[in-house]
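A quick write-up on the structure given underneath.
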Amino acid sequence: MIWTASYAQVQKNPKDTIRCYGLTELRDIAATLVYAKTCDTLLLNAKNMLANRDSMIKQKDFEISKQSSQLLFKDNIIGLKDEEITSLTKSLNTANKHKKLLFAGWGSTSFVLTGFIIYFAIK
């Protein structure tokens, strides 16, 4: 029985989980940590810059939309004023035609009356 119990147990050397680093390895680890902290800082700065850029883009998009609406409003006003100018030009042209016809009518009437007056004065 003693043989069975000792036969089942295998003698293994337990490995040590602690590792000792040399001076060059510690320098490499320190350099890696400094590089990692630098990268983390740069990443954080990049994220902040992206957030600022995104907020600036949103602000500029808002300004562009406001200016676009102002331009649309101004274009509508210009269109209305163009229509008003066109209608006023038409009415002015009509008034000028009426003036010319009235002037021609008065001129022909005065010519005919002068002719009658001269005719009756001579006769």
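Brief remarks on what is shown
- Karplus-derived 3J(HN,Hα) values for segment 29-37, using 6.51 cos²θ - 1.76 cosθ + 1.60 with θ = phi - 60°, are 5, 5, 5, 5, 5, 4, 4, 5, 5 Hz; glycine and proline are entered as x.
- Of 18, 108, 119, farthest towards positive along the dipole that unit charges on Lys, Arg, Asp, Glu beta carbons give the chain: 119
- Comparing 51, 64, 86 along the charge dipole axis of segment 21-97, the residue lying farthest to the positive side is 86, per the Cβ-charge model.
- The count of lysine pairs in the chain that are at least 8 places apart or cross chains, and whose C-alpha atoms lie under 16 Å apart, stands at 6.
- Spin-label zone in segment 46-84 - amide nitrogen under 16 Å from a point set 7 Å from the Cα of residue 100 along the C-beta vector: none
- Mean residue ellipticity (222 nm) of the chain, computed from DSSP H runs ≥ 4 via -39,500 (n - 2.57), nearest 500: -32500 deg cm²/dmol
- Packing, as the average of other Cβ atoms within 10 Å across residues, places the peptides 18-27, 82-91 in the order 82-91, 18-27, highest first.
- Placing unit charges on the Cβ atoms only, positive for Lys and Arg and negative for Asp and Glu, gives the chain a dipole magnitude near 540 debye about its Cα centre.
No value in this document is a laboratory result; all are computed from the given coordinates. Here the structure is a predicted model, which means the values were calculated and not measured. Cβ atoms come from the backbone with ideal geometry, glycine included; neighbour counts cover every protein chain shown.
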